[in-house]
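What follows is one structure encoded as structure tokens, with my remarks underneath.
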Amino acid sequence: MADNQTNNKTGCESERGDLEENIEDKEDKEGEKEVSAASSNPMQRSSSRPQLDVSRAAIQGDFDDRNPTILLPNQSDDISHLALDIGGSLIKLVYFSRHEENPSDNWRKRAIKQRFGVSNVNRRSYPILGGRLHFVKFETGKLNECLDFISSKQLHHGGIDSPSWNAGIRPVENPIIKATGGGAYKYADVFNERLGVSIDKEDEMNCLVAGANFLLKAIRHEAFTHMDGQKDFVQIDHNDLFPYLLVNIGSGVSMIKVDGDGKFERVSGTNVGGGTYWGLGRLLTKCKSFDELLELSQQGDNSKVDMLVGDIYGGMDYSKIGLSASTIASSFGKAISETKELSDYRPEDISLSLLRMISYNIGQISYLNALWYGLKRIFFGGFFIRGHAYTMDTISFAVQFWSKGQAQAMFLRHEGFLGALGAFMSYEKHGLDDLMAHQLVERFPMGAPYVGGKIHGPPLGDLNEKISWMEKFLQKGTEITAPVPMAPPGTTGMGGFDRPSSKGHMLRSDASAALTIGVLHLVPSLEVFPLLADPKTYEPNTIDLSDRTELEYWFTVLSEHTPDLVDKAVASEGGTDDAKRRGDAFARALSAHLARLIEEPAAYGKLGLANLLELREECLREFQFRDAYISIKQRENEASLTVLPDLLMELDSMNEEDRLLTLVEGVLAANIFDWGSRACVDLYHKGTIIEIYRMSRKKMQRPWRVDDFDKFKERMLGCGEKKFQPYKKALLFVDNSGADIILGMLPLARELLRQGTEVVLVANSLPALNDVTAYELPEIVAEAAKHCDILRKSAEAGGLLVDAMVNAQDGLKASSPSVPLMVVENGCGSPCIDFRQVSSELAAAAKDADLIILEGMGRSLHTNFNAKFKCDALKLAMVKNQRLAVKLFNGKLYDCVCRFEPAAQHS
Ligand SMILES: Nc1ncnc2c1ncn2[C@@H]1O[C@H](COP(=O)(O)OP(=O)(O)OP(=O)(O)O)[C@@H](O)[C@H]1O
Ligand SMILES: CC(C)(CO)[C@@H](O)C(=O)NCCC(=O)O
Ligand SMILES: [Mn+2]
């Protein structure tokens, strides 16, 4: 079935590259491979890496290809994909699965490359390859499960999607795998016998530090504080990271003073750690799993087991030394009672008492070390923490209390994977060591093996499996669809610590760790948009979703929109039974994600509206809906193209001033066509596209809610004597298909071209709602160019028209008199844009731009409404959401925004 899906791919889609392909499963991958072999998709892989081992190199696909894939089975890079941390309790696995490299450069990209010279974009001498970092864990006692997993995915041979595996070439004889932790020594022979691999042992402390440093530098919202149930992400300044204390709470606890990359000292440790909690807890409560033990603690009352200050002082505080009656005076102190046996204590109470004892103790020792070494920041890692609110609060409380607020406890989202990541980083030359935050995109696939809650980590492979899991899941119950929020524990101050409220009686299953850390997609070609005035303080989201009512509102909007979206998505895939099944699974997956996030908004890192909107698109892609609005987009494009000639004629009959106003009005009016907006979807039932467009045009009345048109006009046309040079180059960030692009943005682009301004249309790399994509634009421009000389000549000059492109390459059209019109992709598959992560071709195109126009709600209101740029910026949008209108400027539905901001002054 998966094969059918992939076989439906059109040539156009195969050009979408890195961001598109999301579903990783064996069958699917193989299906895709077949397709690419059949259609001879030329792919470039590691051919420009240094020190290649080219022995037994083979060419994949058709030998006539100009850029055939060269497989290098002996190239050691192919196996630098798996690293392990084998600890006393758990085995942690980090593995890298490679993306298909962007298939052959299509002509649009070649044109971009020729003009902007987009190469070597990362300023490194060789390109690093795109791919994904996965995080998986197993119990050390179940080493066999781990070996089976590695073997089933062929991770020791570079993974089932590796070139050598797929080409059926016998892989490297004795692959080497980096591993750290005690088990790297203890189990080296087992690995050799079972998998035929050699373990390359890496120092454990070294790896912990390397992993922590990598995470703190490369992942934007990795570190957070956790106090009184409240999680707050901490923006770490890379230049002010060291020194810090790293406390890794595994079975045992290591405390490491970190002064820099590779500069550290293990200053302390304690044998009272995670193993102690789980070991003692198991003996005392008969729990069968760590999670069961932790879950018990949530209903515990430790005062039944612990001796409190109040127990000793007859119910009173010992305020003279700052101890409240509820402070634990002696953990397990009540168990000295001669009249009670173990069976007289509730397991819940024992578990909580133990958890508090150990967390508090670790917090206290950490503080003492921080004090001794003069360190203000303490990062806690290790799987003992388990993302558990109470544990983190206890540790934070201890640090805060003892240091009188001088030291701060912080936690890491990838808590238990520091060592494994460090081991992974220790492979030479994979180029990941200097990765930047903007090259990593975290995604949350809905495929973790929740089944039974026992297997830890790996995403469900097969789409089919994924769907049946979703189906099973809904029957099974409530874990995600009706989550019980974790109740924040209360503190009483003065060293006292209330027991956690018994409301929070459910611990999220450990398997849902996949819903806490996602897969890290490495997209080496992403860059920070060079025209951002201040990338450091840039925040894409306008609306703060940490406001609970705001969050709930947008969740409702998304939930209510889902049924219609599913209809469209299913129809876009032919409405088959398979499509229906996938549609159903998509809806469940999305609602599961939403439920998870409403329960804990910060579960996936800092949450903004842009993330939510992108999550929806990612979910669609995960269930192989490639373009839900494809037929709607086509229909609207056709309808709009028929109106275009009349519109252009009308515009040409106007004077410059009227024309500019009409053009901007036109953009605003045509921005009404937005399938992401409830108000607009309702409108669609009321008339044809053209009728709605005319109606919308008629309603345009200035002043708009935000109306800087006169300022823009002055800059464009001058004022009286004052004249300006026309803009040199404008980047137009376009939004929707149909009227929006064809009757709105294209005519505006044409006006700029007419004035001698070079125009770059910037569009999505992947579909999102009814947004036009960079892959659809050339055809649209070509159609529009049939009605317009300016567009035709500029499109030719920009290499946008295929025939013209061929000529240009032959050098026949050396000098075209027209300014070029180009199309670049933005690197996103979302209705919003985060300027910290854009495609390298956009970054290159932006270099000498002096005007950017952001169009549409997603790009200019939800995100970037407050963004400042180094060049002039025009933000144009019609507000199709009443709440947003009220929130932003006390406005109304269908208000228009025309915000013109001259280049930000920068020092
Ligand atoms: N599913 C689980 N099974 C067992 N322990 C778990 C689980 N989840 C969390 N833990 C806790 O995490 C601890 C192990 O953490 P971690 O994996 O960081 O250490 P380790 O590498 O196994 O130990 P060490 O570094 O001391 O050798 C356990 O002792 C337990 O307290
Ligand atoms: C022995 C290690 C380093 C193994 O990971 C860890 O379990 C640990 O730091 N234990 C604490 C030993 C101590 O310093 O008391
Ligand atoms: Mn460890």
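General observations
- Per-residue ³J(HN,Hα) for region 276-288, Karplus 6.51 cos²θ - 1.76 cosθ + 1.60, θ = phi - 60°, Hz, x for Gly and Pro: 5, 4, 6, x, 5, x, 5, 5, 7, 10, 6, 5, 9
- Of all DSSP-defined beta bridges confined to region 682-807, some 25% are antiparallel rather than parallel.
- The trypsin sites (Lys or Arg not before Pro) of region 826-891 that meet both conditions, a loop assignment by DSSP and at most 15 other Cβ atoms within 10 Å of the site Cβ, are K847.
- Burial order of peptide ranges 651-660, 238-247 (average beta-carbon count within 10 Å, highest first): 238-247, 651-660
- Annotation: the residues M878, M425, M392, M700, sorted from fewest to most other C-beta atoms within 10 Å of their own C-beta, follow the order M700, M425, M392, M878.
- Listed by Cβ neighbour count within 10 Å, with the fewest neighbours leading, H226, H593 appear as H593, H226.
- The Cα center of region 193-235 and the Cα center of region 840-879 differ in position by 35 Å.
- Each peptide in 543-551, 137-145 gets a packing score, the mean of other Cβ atoms within 10 Å over its residues, and the list from highest to lowest is 137-145, 543-551.
- Judged by the mean number of other Cβ atoms found within 10 Å, the most tightly packed of the peptides 630-636, 349-355 leads the ranking 349-355, 630-636.
- With a Cα cut-off of under 27 Å and a minimum spacing of 8 residues unless on different chains, the lysine pairs in region 229-350 number 11.
- Couplings 3J(HN,Hα) of region 138-145, computed from phi: 9, 6, 4, x, 10, 3, 4, 4 Hz, in residue order, whole Hz [Karplus 6.51 cos²θ - 1.76 cosθ + 1.60, θ = phi - 60°; x for Gly and Pro].
- Span from the region 545-609 Cα centroid across to the region 686-726 one, whole angstrom: 35
- Under Karplus coefficients 6.51, -1.76 and 1.60, residue-wise ³J(HN,Hα) of region 340-354 in Hz, glycine/proline x: 10, 10, 3, 5, 7, 9, 6, x, 4, 5, 4, 4, 5, 4, 5
- Near the amide H of L761, within less than 5 Å, lie the amide hydrogens of L732, M822, V823, V824, all on another chain or at least 5 residues away, with H placed in the peptide plane.
- Where labels lie 7 Å past Cα in the beta-carbon direction, separation of D200 and R346 in nm: 5.3
FYI, it's all coordinate maths here, none of it is from the lab. Computed from a predicted model, the values in this text were never measured in an experiment. Because the Cβ atoms are built from the backbone with ideal geometry, glycine has one as well, and the counts that use them run over all protein chains shown.
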